[in-house]
Amino acid sequence: MAKLVYWYAECLDDADAYSVIAKTKKAALAELANRNAERFGEVEKRTITYRDAFDLFDWCTSEGGGRGCGAAS
């Protein structure tokens, strides 16, 4: 199984519908510096484990994180 690792900071209010998602923690922190950081949660590391390209595609495009056969943490 393959893994996709990314860094995430959840948007905590409705003023900005988009959370921060970045390839590295440094990039996520830099993006928060460009925004009102108080409106976002802590930057956390997330991992998606997937079987193949289609499984990853399903995770990325389905509501609720795909078929549930991978493990997002």
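Values in this text are rule-based calculations from the coordinates and carry no lab data. From a predicted model like this one, the values you see are computed outputs, not experimental measurements. Here the Cβ is made from the backbone with ideal geometry for all residues, glycine too, and neighbour counts use every protein chain on show.
Things worth noting here:
- You can think of it this way: the chain between Thr61 and Met1 has 19.7 nm of extra reach, that is 0.36 nm per residue less the Cα-Cα gap.
- Charged-residue dipole, Cβ positions (Lys, Arg, Asp, Glu), region 1-66 about Cα centre, Debye nearest 20: 460 debye
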